[in-house]
Amino acid sequence: MRNLKRFRYLAVLVALALAVSSCGSDSDEAAAADCELNQIDGDLALYNWAEYIDEEQLAEFATEYGISATMDVYDSNEAMQPIISAGNSGYDVIVPSDYMVSILIADSKVQKLNSEAIPNAKNISSDFSGLYYDPSGEYTVPYQWGTTGIGVNTTVVGKDFPRSWGLIFDPSISGAFDGKIQLLNDPRETMGAALKYLGYSLNTTDKGELDKAKDLVASTADRLAAFNTDSADEFLTSGETVIGHGYSGDMFVQFLETDNPEDYVYFVPEEGGTRWIDNMGIPFDAPHPCTAHTFINWLLGADQGAALSNWNYYGTPNDAAVAGLDEDLLDFVNDPELLAGGVDSLEEIEDTGDFEINYADAFVEAKG
Amino acid sequence: MSTSVEPRGWAKAALHLNGWVVYMFFYAPIVLLVIYSFSNSRNVGTWGGFTFDWYRDFFDSSNARGALSNSVKIAIFSTIISVALGTMAALSLERFTFRGKKVFDALLYLPIIIPDVTMAVMMLLFFGEFFDVLDTLFGLGLRKGFWSISISHIAFNISFVSVVVRARLAGMNTDLEEAAIDLYASRWKAFRYVTFPQIVPGIAGGALLAMTLSLDDVVITQFVAGPGWTTLPVYVFGLIRKGVTPLINAVSVTMLVISMLLVVLSLVAQRVRRSG
């Protein structure tokens, strides 16, 4: 994408040459939009992941404020970023993941939030303060979150097992289930799990630590049913695996599809694991920034936050919303062993820059 | 005469078999797709009994219905424009000589040759900056959406239409056209009553291709779409992130049915023309 930027500069130059006057208009982009609480300055255009909010909920917002609300969808952060960065996207609210927020902030592609227009930000759990990508929450608020951990079929494995990554990596614990274990087919997630088991950060840029993780994954490869990302949850409930590495939201949904959801357990091992956080932000050139603030504030309310999680089954960062969660979801969320090592043991996957290729290489070598 | 070129014995049998294998290769996945769109299980590949639920989900979802109607609107509009422009381009390149004809000829193939992603990024930057400039100059307040997607689809479809129409024109004798002009038909009348009826199958083929490409396009559309203008393929692509459920099969089957209807319609249109 670097070369493209050069093109863009060229195009911007042409545009500047044509637009002789009005140069000072966007010089004060650093200031937050001048919006009052619940102010509406036009229709809402939301740019979100597919199936991430109930369309009825969106319609409710539209009716409540007497505007129309549209939602368009993207399938990856990387698909969304160039569209926002090119400008004139027409979107008012976007939902980038953690690492993408740091990229958007660095490129000045999201605007500062006006905290006076988002009083409901007080509902956000303290677990989400001081995030590495937006430490003071100036630019974004969390939307939904989730973890990567282990799903277990307790009818086969039993209930008496250590809440540790050793359940996958240590043959003396899970040797009896060889061939029924699965790891994600994802360099950062799977190398990250091994790094955590070894007591390192999953964002390490130390070649020695990564090599040890590589050896660990390599020694486990023969004991696996598969390296698979798309069907981790389905393998577990269809009996192809009994211990699976996967994403929290996918696991919950899949467990609830079965006749006996209580037969399955999902947890993040005590050594820690991955936490991802999707966030709401406002593009730098959003046509209706005040409607955007109003929407963000509305969605951070207790009822709306609960409705969001009850529909998409991902974790809510909203403390006030927890009381409104559906019972079956609460059963999972309230499991005291869900985060065996506590919130502090979780880490977001950060972009390691030039070191990233080492993760990919190590993973390919470990898979053999 | 014809028997001499026709293979015999085992060669014929092998060719027969090859034909069947090729068709199976084409259609077996489609048949599976259709079958599993009726499966009452969230997981693709596990048969969970017969159900229409996924189709109901699809038509109940206003997002999906909106995406379908966006796709159809854009496909129809961009096809009409690109067929007109593409046919004109084909005629001028095939029937006339002018300066720089070779260059135009080569340039016309560019949208066919360059990768989708390249075209998508070009379009993205074009609309990002071009709309900005228009905005600054005239304050039109242009937003990406119907027009940006349609213009992009027209941009690549012109090439495809003109290639198809040119193939038809190239195989056509100019004698009839010249005879018509000799008999005092004006240029327009010669085109209207002699040339045009002969190239209609080419135009119909080009239109069909253009419409299919427009309905199928993901990459370019995703980059140039604006608020409220998610098309069906882009919507399906987005759904995959949440795991492949039979809902995607149901949507795909719907698209398949639309595409097949188009093919059947064009065949019928050509038959009517021939017998009429």
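Things worth noting here:
- Remark: the Cα gyration tensor places the range A:271-368 in the oblate category, a/c being 1.5 or greater and a/b not exceeding b/c.
- Among B:Lys101, B:Lys12, B:Lys144: highest mean-square fluctuation, GNM of chain B, C-alpha pairs under 10 Å: B:Lys12
- Nearest 10 degrees, 0 to 90: helix A:248-257 Cα axis against chain A principal axis: 70 degrees
- Placing +1 on the Cβ of every Lys and Arg and -1 on the Cβ of every Asp and Glu, with no other charges, gives the range B:62-275 a dipole of roughly 420 debye about its Cα centre.
- Each part gets one Cα centre, and for the range A:290-327 versus the range A:182-216 those centres are 34 Å apart.
- Between B:Met24 and B:Leu176, the FRET efficiency estimated from the beta carbon spacing at R0 = 56 angstrom works out to 0.80.
- The value obtained for the range B:62-275, namely the Cα convex hull volume divided by the number of residues, is 160 Å³ per residue.
- Label-to-label distance, nm, for residues given as A:Glu257 and B:Asp60 (7 Å Cα→Cβ offset): 1.7 nm
- Counting Cα-Cα pairs of the protein assembly as shown in 20 Å increments starting at 0 gives whole-percent bin shares of 16, 43, 31, 10, 1.
- Site pair B:Leu183 and B:Ser92 shows an inter-label distance of 3.0 nm when each label is modelled 7 Å from Cα along Cα→Cβ.
- Fewest-first sequence of A:Ser97, A:Ser238, A:Ser136 by Cβ atoms within 10 Å of each Cβ: A:Ser136, A:Ser238, A:Ser97
- For the range A:308-325, backbone phi angles converted through the Karplus equation (6.51, -1.76, 1.60; θ = phi - 60°) give residue-by-residue couplings of 4, 5, 5, 8, 9, 6, 9, x, 9, x, 9, 4, 5, 7, 4, 4, x, 6 Hz, Gly and Pro being listed as x.
- Footprinting exposure proxy for B:Met24, B:Met119, B:Met88, A:Met251 (fewest neighbouring C-beta atoms within 10 Å first): B:Met24, B:Met88, B:Met119, A:Met251
- Counting other Cβ atoms within 10 Å as a rough exposure proxy, the listed residues A:Ser174, A:Ser115, B:Ser78 run A:Ser115, A:Ser174, B:Ser78 from fewest neighbours to most.
- Förster-model FRET efficiency, 35 Å R0, B:Phe138 and B:Lys73, C-beta, rounded to 0.05: 0.85
- Taking θ as phi - 60° and the Karplus parameters 6.51, -1.76 and 1.60, the scalar couplings of the range B:150-166 work out to 4, 4, 5, 5, 4, 4, 8, 6, 3, 4, 5, 4, 5, 5, 5, 5, 5 Hz in sequence order, x denoting glycine and proline.
- By the helix-only formula, in which each DSSP H run with n ≥ 4 contributes -39500 (n - 2.57) and the sum is divided by residues, chain A has a 222 nm mean residue ellipticity of -11000 deg cm²/dmol.
- Multiplying the residue separation of B:Asp53 and B:Ile151 by 0.36 nm and removing their Cα-Cα distance gives an extension gain of 31.6 nm.
- In Hz, Karplus ³J(HN,Hα) per residue of the range B:18-25 (6.51, -1.76, 1.60; θ = phi - 60°; x = Gly, Pro): 4, x, 5, 4, 4, 5, 5, 4
- Across B:Lys101/B:Lys189; B:Lys73/B:Lys144; A:Lys180/A:Lys214; A:Lys109/A:Lys367; A:Lys207/A:Lys367; A:Lys112/B:Lys144, pairs whose alpha-carbon gap is larger than 27 Å: A:Lys109/A:Lys367
- Chain B: most fluctuating residue of B:Pro197, B:Pro233, B:Pro246 per GNM, C-alpha cutoff 10 Å: B:Pro197
- GNM remark for chain A: springs join alpha carbons under 10 Å apart, and the peak mean-square fluctuation among A:Pro261, A:Pro82, A:Pro283 falls on A:Pro82.
- Separation of the B:Phe196 and B:Lys102 label points, Cα + 7 Å toward Cβ, nm: 3.5 nm
- Under 5 Å, built H, 5+ apart or other chain: amide partners of B:Ser41: B:Gly48
Since every read-out is calculated from the coordinates, none of them should be taken as a lab result. Quantities reported herein were computed from a predicted structural model and do not represent experimental measurements. Note that we place each Cβ from the backbone using ideal geometry, even for glycine, and neighbour counts take in every protein chain shown.
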